[in-house]
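Written out below as structure tokens is the structure these notes cover.
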Amino acid sequence: MKQSALGRIIRIAVCVAILVAAVTVGFATGQFTLESFGKINVNFAAILKVIVMACAVFAVQMLLSLLLSLPKPENHRARSILSILSSLLKYVAFLVVLCWGLTILGVNVSTIVASVGILALIVGFSAESLISDVVTGAFMLFENQYNVGDIVEVDNFRGTVTSIGIRTTCITDPGDNVKIVNNSAMKNILNRSDKLSRSVSDIAVPYATDLAWLESEIPALMERIYETRTDVFKAPPRYLGVQSLADSSVVLRFVVNVDEKDIYSGARLLNRDLLLGFRSLGVECPFPQLDVHKD
């Protein structure tokens with residue numbers, strides 16, 4: 001929390017410094033004149049109007065954000081659009097308060113906007129990364145590269161996209177750790193939600209097992225396992241064959257299609273069900289054995 005507050009203070013200080021420098025240069029070069037600001041009327045009544053107006057605008061913004069948060073669409077694309085709109089509302093509300101507040105104070109906003117060439121130049125250079133974040137975010141939304149609810153991998157960080165804003169994207173991993181990434185830094189993304197994923201299970205059986213007989217029993221076992229796990233498994237598990245010949249066992253490999261969010265839990269469930277299923281067939285999983293020869 002302290003670091004976050006310090007970061008906000010630094011950003012505000014930088015913005016104020018840029019604004020002061022831009023206005024100073026504007027007056028020095030003749031881009032700004034006192035006539036540009038019209039007849040400024042700063043008194044208690046005007047300040048009170050600005051405060052009331054700001055409260056009203058931000059209240060409307062919060063109400064609209066609340067309304068946008070009420071729908072819980074299953075479609076990831078729809079959730080992404082709602083997240084972007086909620087983020088956009090904050091920026092729009094700030095601009096409305098700024099322009100409307102200056103107008104209440106008697107500042108001729110249209111004249112200032114018409115003569116802010118040098119201000120736009122300075123702010124443009126300082127906000128290069130901001131513009132890059134906004135433009136990149138817009139392209140990602142239009143190209144449907146990822147959406148809220150997708151599981152993605154960025155810079156070896158794997159998690160679920162929980163929100164997409166105008167500038168940043170929030171990704172939350174299974175441990176509830178949140179990684180906030182600037183949209184312009186969302187490169188080389190691995191979107192793991194595009195297709196079904198596969199959970200893998202390797203089960204060992206003794207060398208003494210009649211492998212041909214066991215393989216004939218496996219299809220029925222796969223169907224029984226699937227019938228009890230239709231909430232996680234998207235299809236019956238598949239037997240791929242002998243994976244390896246270990247020291248004390250023959251290792252068999254099985255896979256099952258699941259959603260990416262269930263890839264680890266799917267493997268655990270498949271391990272459990274295969275162990276119990278093999279036991280029901282009279283096949284026990286072996287344990288390492290050591291032969292001792294006494295002279």
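Taking the options LEU275, LEU221, LEU270, LEU281, name whichever one is surrounded by 19 or more Cβ atoms within 10 Å (Cβ to Cβ) and more than 16 Å from ARG198 (Cα to Cα).
Details: LEU275 fails: surrounded by 19 or more Cβ atoms within 10 Å (Cβ to Cβ); LEU270 fails: more than 16 Å from ARG198 (Cα to Cα); LEU281 fails: surrounded by 19 or more Cβ atoms within 10 Å (Cβ to Cβ).
Being surrounded by 19 or more Cβ atoms within 10 Å (Cβ to Cβ) and more than 16 Å from ARG198 (Cα to Cα) holds for just one of LEU275, LEU221, LEU270, LEU281, which is LEU221.
Given the condition part of a loop (DSSP other than H, G, I, E, B), of a type in the set (Gly, Ala, Ser), modelled with pLDDT under 75 and more than 39 Å from the chain's Cα centre (by Cα), answer yes or no: does some residue in segment 13-26 qualify?
Looking for residues that are part of a loop (DSSP other than H, G, I, E, B), of a type in the set (Gly, Ala, Ser), modelled with pLDDT under 75 and more than 39 Å from the chain's Cα centre (by Cα), one finds none in segment 13-26, hence no.
Which one is farthest from SER248 (Cα to Cα) among residues in segment 194-208 that are surrounded by 14 or more Cβ atoms within 10 Å (Cβ to Cβ), in contact with a Ser or Thr (Cβ under 9 Å, 6 or more places away or on another chain) and not aliphatic (A, V, I, L, M)?
Taking the candidates together, the pick is SER199.
Going by the structure shown, is ILE180 out of contact with any helix residue (DSSP H, G or I) (no Cβ under 9 Å at 6 or more places or on another chain), aliphatic (A, V, I, L, M), surrounded by fewer than 19 Cβ atoms within 10 Å (Cβ to Cβ) and assigned to a strand (DSSP E or B)?
yes
Do you know which residues across segment 172-209 are touching a residue at least 60 places away in the same chain (Cβ under 8 Å) and either β-branched (Val, Ile, Thr) or under 18 Å from VAL134 (Cα atoms) (or both)?
Matches in segment 172-209: VAL200, ILE203, VAL205, THR209.
Does segment 248-295 hold any residues that are within 42 Å of the chain's Cα centre (by Cα), closer than 25 Å to THR209 by Cβ and modelled with pLDDT under 85, and which are they?
The answer is CYS285, and nothing else.
Pull out all pairs, ordered by first then second residue, where Cβ-Cβ is under 6 Å, the residues are six or more apart or on different chains, the first lies in segment 145-171 and is among the polar types (S, T, N, Q), and the second is part of a strand (DSSP E or B).
THR160/ILE151; THR160/THR172; THR162/CYS170; THR162/THR172; SER163/CYS170; THR168/ILE180; THR168/ASN182; THR169/VAL181
Would segment 149-157 turn up any residue that is under 12 Å from the mean Cα position of the chain (by Cα), among the acidic types (Asp, Glu) and either assigned by TED's automatic domain parsing to the domain that holds LEU276 or not in a loop (DSSP other than H, G, I, E, B) (or both)?
Yes - at least one qualifying residue is present in segment 149-157.
The values are calculated or read from the model by the stated rules, or taken from the named source; none is laboratory data. What you see is a predicted model, and the numbers here were worked out from it, not measured in a lab. Note that each Cβ is placed from the backbone with ideal geometry, even for glycine, and that neighbours are counted across all protein chains shown.
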